[in-house]
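Chemist: So that we are looking at the same thing, I have put the structure below in C-alpha cells.
The values are calculated or read from the model by the stated rules, or taken from the named source; none is laboratory data. Given the structure is predicted, the values throughout are model-derived calculations rather than measurements. Positions of Cβ are backbone-derived with ideal geometry, glycine not excepted, and every protein chain shown enters the neighbour counts.
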Amino acid sequence: MHAYLKLDHIDKSFIRAGQTTEVLKDISLTIDQGEYVSIIGHSGCGKSTLLNLIAGLTQVTAGAVLLENREVNAPGPERAVVFQNHSLLPWLTVYENVKLAVDKVFSGRKSRAERHDWIMANLDLVQMGHAKDKRPSEISGGMKQRVGIARALAMEPKILLLDEPFGALDALTRAHLQDSVMDIHARLKNTMIMITHDVDEAVLLSDRIVMMTNGPAARIGEVLAVDLPRPRKRLDLVSDSRYIAAREAVLRFLYERHRLVEAA
Amino acid sequence: MAVPVQKTDNVTSLPSPKANAKPAEVVALPARKSEGRSKRIVARLKDIAANTVPPLLVVGLILVVWQIGFARPGASLPAPSVIWAEAKDLILDPFFVMGPQDIGLGLRVLTSLERVAVGFGLAAVVGVLLGALVGQSVWATRGLDPIFQVLRTVPPLAWLPISLAAFRDANPSAIFVIFITAIWPIIINTAVGIRNIPQDYRNVAEVLRLNTFEFFFKIMVPSAAPYIFTGLRIGIGLSWLAIVAAEMLTGGVGIGFFIWDAWNSSKLSDIIVALLYIGVVGFALDRLVAAIGSLVTRGTAAS
C-alpha cells in the first residue's frame, strides 16, 4: 500500500538579503489516510513552515510533498488549513465566511439549496449554527476557531491542516475544542495534521507524534506512536500508564535531549 | 495584614444588601421606567444643546462684530444687514428660474455637483483600480509611484489649459480637472490599504484558489475599504475646491462662474451668499462620504 501523504526528503531554506537560512533539513514522513499526526517542537523549529509546505503556501527548496502520489506545489481546498488566529474575514458573518469556501469549492457540483444545507451541517458540526448571523467580532475566540474549523471542514478536504489551532485560547476553552476535534475526527475519519507546542494536547489527540529538533536546519528527531484506544477520555487518561509513558517520552525529548538554547 | 481582613469582610457582607434590594427594585420598576425615559429625553436635549449652542453663539458674535465694523457708509465690504437687503432672494429661494442665466444658487450648486459627480465618480473607479495595481504589484509600484508622487503636487488649475486644449470644450475640461485632482489621494490610500491586507486573508484566498476577480471583490476591496474611504473623503474635498476655481475660468452656470460674474458686476453681497452655499455643500459632501464609509466598513475592523 502506498502512503496517502508522503514528505520525501524535504529541504527548505529562505534567502533573505543574500543570506541563506536553512530551516528544514531532510524531512521524510509518510502519513496514512485517517491518521491524526501532531508535529511538536520548540518555537522557531520550523514546524509552521512544514505545515505551510504541505498546504502549498510556501515552496520546498528540495524534495517533494506527494498527496496520493501527486506532487503538491500550490495551495488548494483539498488541503484545508485551520489558521492559528482563525483568519475569519471580519466583514462577513459566520455563515458568509463558510459560504465563501463552500461556494468556491462546490460551485457547479451542488445546487444553491444543497450548498446552504452543507454550510449549516458544518456549522452545526462545530455547534455554531446558532451564531450564523453574527460577525467574527461579536463571538468569542473559541467560537471563532470553531467557525475556522467549520470553514476548513466544509471544503471536504483530503487532509485537514491545523496550525496551532488552540494556541490562543484559554485552557478550558481549549479542552472543550480538543474534545470537539476528537469527536469530529472519530465521525468523519479524516486525515489531520496538527502543529502544537502543547505536550498533553499532542498525546491526547494524536495517533503519532512527530518531534522536531531545534533549528536551524531542523530535522525529525523522533516519531512516537501513541498506543491509546479511541475514543479517548481526558479524565480516564490522567492515570493511564500508557498515557503517562507517552507524555514522558515527549517531555524527555523536548526538555532533555533537545532543550531550547535561548539566544543570549 | 489589614488587606485580607477587609477582603473577608466584603465577601460576607455581600449577599445581605443584594437580598434587601431585590424586592424593592421590583416594586419601583414601572415608576422608574417612565422617570428614566423623561430623564433620557432631557439628557438628549442637553446633549444637542451642548453641541449647537456654542457654534450659534459664535456665529451671532461674528455677525454682530461684522455689522458694527462695516455698517458705516462707504465700507469696503457689505455688512450683514446690507447682504440681507440685497441678496434676500438668493438666500430664501435657492431654486428660482428667471431666465437661462438668472437661476437660483441651489440650481447652480446642482450643476456644479453634477460635474463633481462625474469627475469624482471616474476618479473613484480609476483610482481604486490603479491603487489596487500599485498596492498589489512591486513592479507597478516601482514604475508608477514616482510619477504619481510628482503629478499629485500639480495644482488643479494648472491642468486646465492642457485639458481645454485636449477637449476643446469647457464642460469636459472642468470634469477632467476634478478627475485629476481627486484621483491621487484615492490611488495612494487604496495602495496603502491593499499593502496592509493581512497575510492571513491572502492565505485564505490562496487555499480557496480565488481567482483575480474574486480576490479583488471578496478580499481586497472589503479589507482595504477603510483606507479607500479615507482616500475618497480627501478626494471629494479636493474636487469641491477645484470645481469652483475651474468654473470661474470655464464659465457656464456653475456656482464658481456665478462668483466670477458677481465680482465683475460688483455684487459683493451675492458673492458672500455664494461662499456660504459652497461651504455648506462642501461640508455636506464630506459628511456624506464619511457616512457611506462608516456604513460600508462597519464590521471591517479586524478583531
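Chemist: Inspect region B:260-280 for any residue being touching a residue at least 24 places away in the same chain (Cβ under 8 Å) and farther than 21 Å from B:Pro78 by Cα and give the result as yes or no.
Modeler: No, that holds for no residue.
Chemist: Now a separate question. In this structure, does B:Ile292 turn out to be surrounded by 21 or more Cβ atoms within 10 Å (Cβ to Cβ) and either under 29 Å from B:Thr111 (Cβ atoms) or touching a strand residue (DSSP E or B) at 6+ places or on another chain (Cβ under 7 Å) (or both)?
Modeler: Spelling it out, it is not the case that B:Ile292 is surrounded by 21 or more Cβ atoms within 10 Å (Cβ to Cβ) and either under 29 Å from B:Thr111 (Cβ atoms) or touching a strand residue (DSSP E or B) at 6+ places or on another chain (Cβ under 7 Å) (or both).
Chemist: Please work out if A:Pro77 is over 21 Å from the mean Cα position of the chain (by Cα), touching a residue at least 24 places away in the same chain (Cβ under 8 Å) and within 14 Å of another protein chain (Cβ to nearest Cβ).
Modeler: Considered against the rule, which asks whether it is over 21 Å from the mean Cα position of the chain (by Cα), touching a residue at least 24 places away in the same chain (Cβ under 8 Å) and within 14 Å of another protein chain (Cβ to nearest Cβ), A:Pro77 comes out as no.
Chemist: Next up: Take B:Val177 and tell me if it is in contact with a helix residue (DSSP H, G or I) (Cβ under 8 Å, 6 or more places away or on another chain), buried (at least 22 other Cβ atoms within 10 Å of the Cβ) and part of a helix (DSSP H, G or I).
Modeler: Against the criterion (in contact with a helix residue (DSSP H, G or I) (Cβ under 8 Å, 6 or more places away or on another chain), buried (at least 22 other Cβ atoms within 10 Å of the Cβ) and part of a helix (DSSP H, G or I)), B:Val177 qualifies.
Chemist: Follow-up question, since we're still on this one. Output the number of residues of region A:115-155 satisfying the condition of being assigned to a helix (DSSP H, G or I) and of a type in the set (Ser, Thr, Tyr).
Modeler: 1
Chemist: May I ask you to list the residues in region B:180-214 that are within 11 Å of chain A (Cβ to nearest Cβ), in a helix (DSSP H, G or I) and buried (at least 19 other Cβ atoms within 10 Å of the Cβ)?
Modeler: B:Tyr201, B:Val204, B:Ala205, B:Val207
Chemist: Exactly one of these conditions fails for B:Gly251: (1) more than 11 Å from every other protein chain (Cβ to nearest Cβ); (2) modelled with pLDDT of 90 or more. Give me its number.
Modeler: (2) is the only condition that B:Gly251 fails.
Chemist: While we're on this one: Looking at region A:23-36, is at least one residue β-branched (Val, Ile, Thr), crowded, with 17+ Cβ neighbours inside 10 Å and more than 19 Å from the chain's Cα centre (by Cα)?
Modeler: The answer is yes; a qualifying residue exists.
Chemist: Another question, if that's okay. Going through A:Ala217, A:Ala225, A:Ala249 one at a time, which residue ends up being modelled with pLDDT of 90 or more, surrounded by 12 or more Cβ atoms within 10 Å (Cβ to Cβ) and out of contact with any helix residue (DSSP H, G or I) (no Cβ under 8 Å at 6 or more places or on another chain)?
Modeler: A:Ala249
Chemist: Quick check, is A:Gly129 away from chain B (no Cβ under 14 Å) and either under 20 Å from B:Glu206 (Cα atoms) or not acidic (Asp, Glu) (or both)?
Modeler: So A:Gly129 passes the test.
Chemist: Kindly evaluate A:Gly18 against the criterion of being touching a residue at least 60 places away in the same chain (Cβ under 8 Å) and more than 10 Å from chain B (Cβ to nearest Cβ).
Modeler: When the stated conditions are applied, A:Gly18 does not pass them.
Chemist: Which condition number in (1) farther than 21 Å from B:Ala174 by Cβ; (2) away from chain A (no Cβ under 14 Å) is the one that B:Phe257 fails?
Modeler: With respect to (1) farther than 21 Å from B:Ala174 by Cβ; (2) away from chain A (no Cβ under 14 Å), B:Phe257 is out only on (1).
Chemist: Can you tell me which residue is surrounded by the fewest Cβ atoms within 10 Å (Cβ to Cβ) among those in region A:43-66 that are within 14 Å of another protein chain (Cβ to nearest Cβ) and among the aliphatic types (A, V, I, L, M)?
Modeler: Here the residue is A:Leu57.
Chemist: Let me confirm something: among B:Ala117, B:Ala124, which residue is within 27 Å of B:Gly256 (Cβ to Cβ) and in contact (Cβ under 8 Å) with a residue 40 or more places away in the chain?
Modeler: B:Ala124
Chemist: Within region B:160-181, which residues are among the hydrophobic types (A, V, I, L, M, F, W, C) and more than 24 Å from the chain's Cα centre (by Cα)?
Modeler: Correct list: B:Leu160, B:Ile162, B:Leu164, B:Ala165, B:Ala166, B:Phe167, B:Ala170.
Chemist: Also: Within region A:58-97, which residues are touching a His at 6+ places or on another chain (Cβ under 7 Å) and within 30 Å of A:Lys132 (Cβ to Cβ)?
Modeler: None; the set is empty.
Chemist: Residues that are in contact with a Gly (Cβ under 7 Å, 6 or more places away or on another chain) and crowded, with 19+ Cβ neighbours inside 10 Å: does region B:249-269 have at least one?
Modeler: Within region B:249-269, one or more residues are in contact with a Gly (Cβ under 7 Å, 6 or more places away or on another chain) and crowded, with 19+ Cβ neighbours inside 10 Å.
Chemist: Can I ask one more? Can you name the condition, by its number, that A:Val102 falls short on among (1) more than 14 Å from every other protein chain (Cβ to nearest Cβ); (2) within 21 Å of the chain's Cα centre (by Cα); (3) under 14 Å from A:Glu156 (Cβ atoms); (4) of a type outside the set (S, T, N, Q)?
Modeler: (1)
Chemist: Further question on the same structure: Just one of B:Phe217, B:Phe229 is crowded, with 20+ Cβ neighbours inside 10 Å, within 14 Å of chain A (Cβ to nearest Cβ) and not small (Gly, Ala, Ser); which is it?
Modeler: Among B:Phe217, B:Phe229, only B:Phe229 is crowded, with 20+ Cβ neighbours inside 10 Å, within 14 Å of chain A (Cβ to nearest Cβ) and not small (Gly, Ala, Ser).
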